[in-house]
Amino acid sequence: MNPSPVGLGPSVAWRGVMDSSFSFPAGFVWGTATAAAQIEGAAALDGRGTSVWDTFAGQPGRTKDGLGPAVACDHYHRYEQDFALMRALGVKHYRFSLSWSRLFPDGDERRNPAGFVFYHRLIDAMLAHGLTPWCTFYHWDMPQALEARGGWRTRESTAAFAAYAQAAVAAFGGRVKHWFTLNEIPAFVIHGHKLGLHAPGAMEPPKVVNQVFHHALLAHGLAVQAVRQHGGPGAKVGLVHNPEITVPFAETPEHIAAARTIFAQTNEHLLAPLFNGGGYPASYLERCGADAPEHTPEDMTLIGQPTDFLGLNVYRGHFVRAGADGRPELLPLPEGFPRAQAAWLHHVPQAMFWGLKFCAELYRVPEFYIAENGVGYHDAPGMPAHLESVHGWDEAARDLSGEILDLHRCQYLRTYLQSLHRAIAAGVPVGGYFLWSFMDNFEWADGYVSRFGLVHLNFTTQRRTPKLSAQWYAEVMRRNAVI
């Protein structure tokens with residue numbers, strides 16, 4: 001008989017503890033995710049053009065630490081090392097993005113052959129390490145030259161995006177069969193063009209913001225068209241959306257209905273044109289009034305082309321109840337509510353279930369993928385405090401030998417995955433999950449302060465150190481179950 005843990009009795013009891021009831025369907029896709037602007041670096045090498053994030057981060061006060069993505073994780077030179085580490089952890093699916101500026105430095109017309117060569121090498125390396133590539137066309141890094149000519153405010157940029165997408169699929173579609181069109185349209189539209197918090201740092205009036213949103217949706221439709229024309233057999237494509245997810249504070253019919261009402265109102269202008277047909281909902285256009293985006297029936301047909309899946313990025317949620325008058329009521333979070341050190345990210349694991357459930361009920365989505373889910377902390381390597389005092393560990397020694405014991409990340413991921421399991425058990429068609437992020441990186445306006453990675457990055461030495469959460473997630477992928 002094998003020895004058993006203290007207090008558990010015979011070894012069969014231990015096996016009972018280890019067997020998880022949170023098993024996922026056979027063939028479920030487990031992966032990790034990154035974005036070109038956040039990890040590649042090599043910002044001025046081999047003909048790459050400047051992106052809006054290079055420009056934005058170079059302006060004083062735009063990022064928390066004053067740093068930009070010029071070097072980042074130096075993935076441009078270290079991708080073989082990174083893919084070998086993914087393979088060692090058991091990762092088999094990898095969501096990455098192309099840098100538009102690396103392929104078309106000015107946004108349109110002029111190709112950069114060295115950029116195409118790089119991505120051919122990158123994809124070859126993924127495949128050699130047993131990784132299935134899932135490619136994102138646009139993860140927020142518009143070429144600065146195109147932004148200078150109006151960027152997403154102009155219809156010309158959608159034409160430039162179409163040419164870029166066509167060229168990318170024609171070049172890489174023989175080996176890449178899974179395509180995400182744009183990542184988080186509401187995020188880069190609102191934070192980048194209304195609030196000025198992200199690149200390009202604009203604060204536009206509502207009419208312009210709504211037009212930017214429409215042009216982004218149009219770009220999605222053009223990317224779908226590119227995949228259909230050049231993707232070849234087996235090619236699949238879908239958008240990545242970051243819905244603001246409403247959660248009933250209590251799971252009773254009236255509170256569920258209240259949460260569903262606000263979810264529909266908040267997301268209908270994006271999801272209805274994609275999945276319900278007929279263009280923008282009348283309620284959205286009525287709310288916009290004179291600020292409604294200019295659009296044509298042909299635009300809406302392009303936007304509403306059938307897609308194969310919808311990617312959802314799920315990080316947080318908002319609690320809702322049915323008020324005394326029956327109207328939905330959004331509840332503020334109290335000061336002590338659990339949240340990450342990335343202050344916008346409060347822990348609401350129920351959001352995973354309700355976001356998927358409401359999307360499935362309100363829209364005809366054929367399949368879902370969780371394209372991002374993760375949490376940011378100010379992780380630093382270190383020994384437990386009592387061992388530090390015994391052994392006299394200092395910061396330098398910890399950087400060489402200390403573990404990153406990110407139990408808080410393990411717990412966050414565990415609860416969100418349990419909520420995902422609940423959604424699948426309820427019949428929501430979810431095909432896979434991509435954890436954000438494989439490694440610490442340039443976290444947009446947070447610079448290098450917030451760390452979302454399974455792998456710790458020392459940005460001075462570029463040393464990669466898997467965290468405790470990497471071990472945990474490796475076991476989740478191996479078992480196909482939450483542990």
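The values are calculated or read from the model by the stated rules, or taken from the named source; none is laboratory data. What you see is a predicted model; the values in this text were computed from it and never measured. Methodologically, a virtual Cβ is constructed for each residue, glycine included, from the backbone with ideal geometry; neighbour enumeration extends over all protein chains shown. Accessible surface is based on the protein model in full, side chains and every heavy atom, while ligands, DNA and RNA are left aside. Shrake-Rupley method; radii C 1.70, N 1.55, O 1.52, S 1.80 Å.
Once fully extended, how much extra length lies between ARG110 and ALA250, figured as 0.36 nm per residue of separation less the alpha-carbon to alpha-carbon distance?
Details: separation 140, 0.36 × 140 = 50.40 nm, distance 5.56 nm.
Answer, rounded to one decimal: 44.8 nm.
Of the options THR296, GLY323, GLN81, report the single residue whose Cα projects farthest towards the positive end of the charge dipole of the chain (beta-carbon charges: Lys, Arg +1; Asp, Glu -1).
Among THR296, GLY323, GLN81, the one farthest towards the positive end of the dipole of the chain is GLN81.
Sort HIS220, HIS191, HIS198 from largest to smallest accessible area, using a 1.4 Å probe on the heavy atoms of the protein chains. Walk me through the intermediate numbers first.
Values: HIS220 0, HIS191 65, HIS198 30 Å².
Final ranking, largest accessible area leading: HIS191, HIS198, HIS220.
So, in nm, how far is label SER23 from label ILE483 when the simple model puts each one 7 Å beyond its Cα toward the Cβ?
1.5 nm
Would you work out the charge dipole size for the chain about its Cα centre, treating the Cβ of every Lys and Arg as +1 and the Cβ of every Asp and Glu as -1, and quote it to the nearest 20 debye? Walk me through the numbers before you get to the answer.
Working: 39 positive and 44 negative charges, 191 e Å.
For the chain, the charge dipole is close to 920 debye.
Leaving ligands, DNA and RNA out of it, rank GLU254, GLU298, GLU40 by accessible area with a 1.4 Å probe, largest first. Numbers along the way, then the final one.
Values: GLU254 95, GLU298 130, GLU40 5 Å².
The ordering from most to least exposed comes out as GLU298, GLU254, GLU40.
What order do GLU372, GLU329 take when sorted by accessible area (1.4 Å probe), most exposed first?
Values: GLU372 10, GLU329 70 Å².
Greatest to least solvent exposure: GLU329, GLU372.
Under a crude label model (7 Å from the Cα following the beta-carbon direction), how far is ALA159 from TYR363 in nanometres?
That separation, rounded to one decimal, is 2.9 nm.
Using only DSSP helix segments of four residues or longer, with each worth -39500 (n - 2.57), what per-residue ellipticity at 222 nm results for the chain after dividing by its residue count and rounding to 500? Mind showing how you got there, number by number?
Values: 18 runs with 205 residues, N = 483.
Helices in the chain give a 222 nm mean residue ellipticity of -13000 deg cm²/dmol.
Given a Förster radius of 25 Å and the C-beta distance between GLN265 and LEU333 as r, what FRET efficiency does 1/(1 + (r/R0)^6) yield to the nearest 0.05? Numbers along the way, then the final one.
Working: r = 20 Å, r/R0 = 0.81.
Taking R0 as 25 Å, the efficiency between GLN265 and LEU333 is 0.80.
Evaluate 2.2 N^0.38 Å with N set to the residue count of the stretch 12-123, then give the Cα radius of gyration divided by it.
Working: Rg = 19.2 Å, N = 112, 2.2 N^0.38 = 13.2 Å.
In units of the globular-protein estimate, the stretch 12-123 measures up at 1.45.
In Å and on Cα atoms, what radius of gyration and Dmax does the stretch 123-272 show?
For the stretch 123-272, the Cα radius of gyration and maximum Cα-Cα distance read 17.8, 53 Å.
Any idea what the relative contact order of the chain is, in percent, if you count C-alpha pairs under 8 Å spaced at least 6 apart? Working shown, then result.
Details: 952 pairs, mean separation 84.3, N = 483.
So the answer I get is 17 percent.
I'd like the distance separating the alpha-carbon centroids of the stretch 296-331 and the stretch 170-205, in whole Å.
One Cα centre to the other: 18 Å.
Placing unit charges on C-beta atoms (Lys and Arg positive, Asp and Glu negative, everything else neutral), compute the dipole magnitude of the stretch 201-306 about its Cα centre in debye, rounded to 20.
Roughly 340 debye, rounded to the nearest 20.
ALA425 to TRP344: FRET efficiency via 1/(1 + (r/R0)^6), r the Cβ-Cβ distance, R0 35 Å, to the nearest 0.05?
Working: r = 30 Å, r/R0 = 0.84.
Taking R0 as 35 Å, the efficiency between ALA425 and TRP344 is 0.75.
Figure the gain on full extension for GLN418 and LYS64 (residue separation times 0.36 nm, minus the Cα-Cα span) and round it to one decimal in nm. Spell out each step's value before the answer.
Values: separation 354, 0.36 × 354 = 127.44 nm, distance 3.32 nm.
Full extension of this stretch gives 124.1 nm more.
Please report Rg (one decimal) and Dmax (integer) in Å for the Cα set of the chain.
22.6, 76
Residues with beta-carbon under 13 Å from that of PHE434, excluding PHE434: net charge, scoring Lys, Arg +1 and Asp, Glu -1? All intermediate terms of the calculation are to be shown ahead of the outcome.
Details: positive: LYS92, ARG95; negative: GLU372.
Net of charged neighbours comes to +1.
Run the 1.4 Å probe and let me know the accessible area of TRP354, rounded to the nearest 10 Å².
Roughly 10 Å² of TRP354 is accessible to a 1.4 Å probe.
Go through GLY174, THR34, VAL71 and say which Cα lies farthest out towards the positive end of the charge dipole of the chain; charges sit on Cβ, +1 for Lys and Arg, -1 for Asp and Glu.
GLY174
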